[in-house]
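Enquirer: Before anything else, here's the structure in question.
The values are calculated or read from the model by the stated rules, or taken from the named source; none is laboratory data. Computed from a prediction, not measured in an experiment: that's the story for all the values here. Methodologically, a virtual Cβ is constructed for each residue, glycine included, from the backbone with ideal geometry; neighbour enumeration extends over all protein chains shown. Accessible surface areas use protein heavy atoms only, side chains included; no ligands, DNA or RNA. Shrake-Rupley method; radii C 1.70, N 1.55, O 1.52, S 1.80 Å.
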Amino acid sequence: MEDLKLKLQQLHERVDSLKDQINTEEATKNAFVMPFIQILGYDIFNPTEVIPEYICDIGTKKGEKIDYVIKKDGEPILIIECKKWNENVDAHNSQLHRYYHVSKSRFGVLTNGHIYNFYADLEKPNIMDEKPFFTLDISDLKETSLKILQNFSKNGYNLEEILDSAEGLKYIKAIRKEFEKEIQEPSDEIVRLLVNRFFNKPLTAPRLVAFKEYTKKAFSTSINETINFRLKNALNISETVPSKATEQTTAIDENVETPKFITTEEEIEGSQIVKAILREVLPSSRIAFRDTQSYFGILLDDNNRKPICRLHFNSANKYVELFHNGKDNGEKKLISSLEEIYDFKTELLSTIKTYE
């Protein structure tokens, strides 16, 4: 598992460094997708195992080709359709859908080289589902994703295990998506469900509007407190007394040696405010923190070259350094309280756009 993770991390670094030089779908396949297939243990130079440009005749349409078919013991187990690295793979599943039922494979993959959507036929036999049951993002590798991917490798391929977990994965993903929608904007249904458990008066239209706002704030507070608690534990910081323990860390600036530092309660609270602001445009997993002796850094994708902001809380005056004018043009803003970080929402969202 660790070997698989290491190879995928190396592939992500390769994708990140080369993508701006990749201008075609064919180049995406050669530079990104073929190494991925190789990481799974399949011999990309064996035409009986990995077959490029596999012909899938569909009715009267002859000569239709799918980018790759992977075979095991002579039987197709995986078909792969590729798009250019900067295309949205969610918008291109119709072509894979057409190939699926004539390929005799139980699984199809649609990819742009860094996002891999895995499909199956859970709804109707031999008809590919509209939604993937599993999505792998090589820039955000989770242990659960690696375990699922391991079942698709040459040495670990297990049809039964994949099918057993595929339905659960699909519906867990769908439920999670709906849950995240409710967190962002609670529906009337969820508000009524929760409020009717403790509020015995009629829920009039004005009260419903008020309770929707209360519910939204309750969700946000609960999630932020949970994140804050976990972050404190990760940094070995007590709930009541800030830890004075020091440790070594990698500085945000590449030319700064790794210093000793103290992560404070205020830095953690400030970082959570920034995360809450950006949650409407980014998953929390893409926001990373790094402390240094002079500031607390908040990064996009844990990338030194993508600073979101820096918290300068180590002196009598507190500053938030913003990068909406570019990563090399930081602008410090004096604040008198942590709440004032919310005033920089426009600048923080603008910073994220500069990295897209």
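Enquirer: Given a 1.4 angstrom probe, what's the average accessible area per residue across the chain, in square angstrom?
Expert: Accessible surface, normalised per residue, equals 56 Å².
Enquirer: Under the rule a/c < 1.5 gives rounded, and otherwise a/b versus b/c splits prolate from oblate, where does segment 1-96 land using the Cα gyration tensor?
Expert: Judged from the Cα gyration tensor, segment 1-96 comes out oblate (a/c at least 1.5, b/c at or above a/b).
Enquirer: How large is the accessible surface of residue 139 in square angstrom, using a 1.4 angstrom probe and rounding to the nearest 10?
Expert: Near enough 60 Å² of accessible area.
Enquirer: Right, here's the next one. Which whole-number percentage describes the relative contact order of the chain, with Cα contacts under 8 Å and a sequence gap of 6 or more?
Expert: So the answer I get is 8 percent.
Enquirer: Report the full-extension gain for the segment residue 301 to residue 285: residue separation times 0.36 nm, less the Cα-Cα distance, to one decimal in nm.
Expert: Here the answer is 5.0 nm.
Enquirer: Still on this structure: What distance in nm separates the simple spin-label points at residue 223 and residue 183, each placed 7 Å from Cα in the Cβ direction?
Expert: Spacing of the two 7 Å Cα→Cβ label points: 0.3 nm.
Enquirer: Quick one: putting +1 on the C-beta of Lys and Arg, -1 on the C-beta of Asp and Glu, what dipole do you get for the chain around its Cα centre, in Debye to the nearest 20?
Expert: The dipole magnitude comes to about 680 debye.
Enquirer: Please compare each pair in 72/177; 7/353; 65/181; 216/306; 83/217 to a cut-off of 32 Å on the Cα-Cα distance and tell me which ones are over it.
Expert: With Cα atoms farther than 32 Å apart: 72/177; 65/181; 83/217.
Enquirer: Another question, then. So if R0 is 30 Å, what FRET efficiency would residue 354 and residue 146 give, r being the distance between their Cβ atoms, rounded to the nearest 0.05?
Expert: With R0 = 30 Å, the Cβ-Cβ based efficiency is 0.45.
Enquirer: Among 151, 138, 187, pick out the residue whose Cα is farthest towards the positive end of the charge dipole of segment 90-188, where Lys and Arg carry +1 and Asp and Glu carry -1 on C-beta, about the Cα centre.
Expert: 151
Enquirer: Sort segment 126-224 into rounded, prolate or oblate with this rule: let a ≥ b ≥ c be the square roots of the eigenvalues of the Cα gyration tensor; rounded if a/c is under 1.5, and if a/c is not under 1.5, prolate when a/b is larger than b/c, oblate otherwise.
Expert: Since a/c reaches 1.5 and a/b is larger than b/c, the shape of segment 126-224 is classed as prolate.
Enquirer: Something else: Compute the relative contact order of segment 101-155 as a whole-number percentage, counting only Cα pairs closer than 8 Å that sit 6 or more residues apart in sequence.
Expert: The normalised contact order for segment 101-155 reaches 26 percent.
Enquirer: Rounded, prolate or oblate: which one fits segment 263-342, using the alpha carbon gyration tensor with axes a ≥ b ≥ c (rounded when a/c is under 1.5, else prolate when a/b beats b/c, else oblate)?
Expert: rounded
Enquirer: Using a Förster distance of 51 angstrom, determine the FRET efficiency expected from the C-beta separation of residue 64 and residue 210, and round it to 0.05.
Expert: Working from the Cβ atoms, E equals 0.35.
Enquirer: Here's something else I'd like to know. What FRET efficiency do you get for residue 266 and residue 18 if R0 is 51 Å and r is their Cβ-Cβ distance, rounded to the nearest 0.05?
Expert: After rounding, the FRET efficiency stands at 0.80.
Enquirer: Ordering 5, 332, 104 by how much accessible area each has at a 1.4 Å probe, largest first, what is the list?
Expert: 104, 332, 5
Enquirer: Could you work out the local net charge near residue 131, counting Lys and Arg as +1, Asp and Glu as -1, over the other residues with Cβ closer than 14 Å to its Cβ?
Expert: Local charge sum for residue 131: -2.
Enquirer: Under 10 Å, Cα contacts only: if you run a Gaussian network model on the chain, which one of 74, 41, 270 comes out with the highest mean-square fluctuation?
Expert: 74
Enquirer: A further question on this structure: When the helix-only estimate is applied to the chain (DSSP H runs of n ≥ 4, each -39,500 (n - 2.57), divided by the residue count), what is the mean residue ellipticity at 222 nm, nearest 500 deg cm²/dmol?
Expert: -12000 deg cm²/dmol
Enquirer: Moving to a separate point now. Using 0.36 nm per residue of separation minus the Cα-Cα distance, give me the extension gain between residue 203 and residue 2 in nm, one decimal.
Expert: The residue 203-residue 2 span can extend by a further 67.0 nm.
Enquirer: Of all accessible surface on the chain at a 1.4 Å probe, what whole percent is carbon and sulfur?
Expert: Carbon-and-sulfur percentage of accessible area, whole number: 50.
Enquirer: A follow-up question, please. Please check: in the Gaussian network model of the chain (C-alpha springs, under 10 Å), which one of 279, 310, 197 has the largest mean-square fluctuation.
Expert: It is 197.
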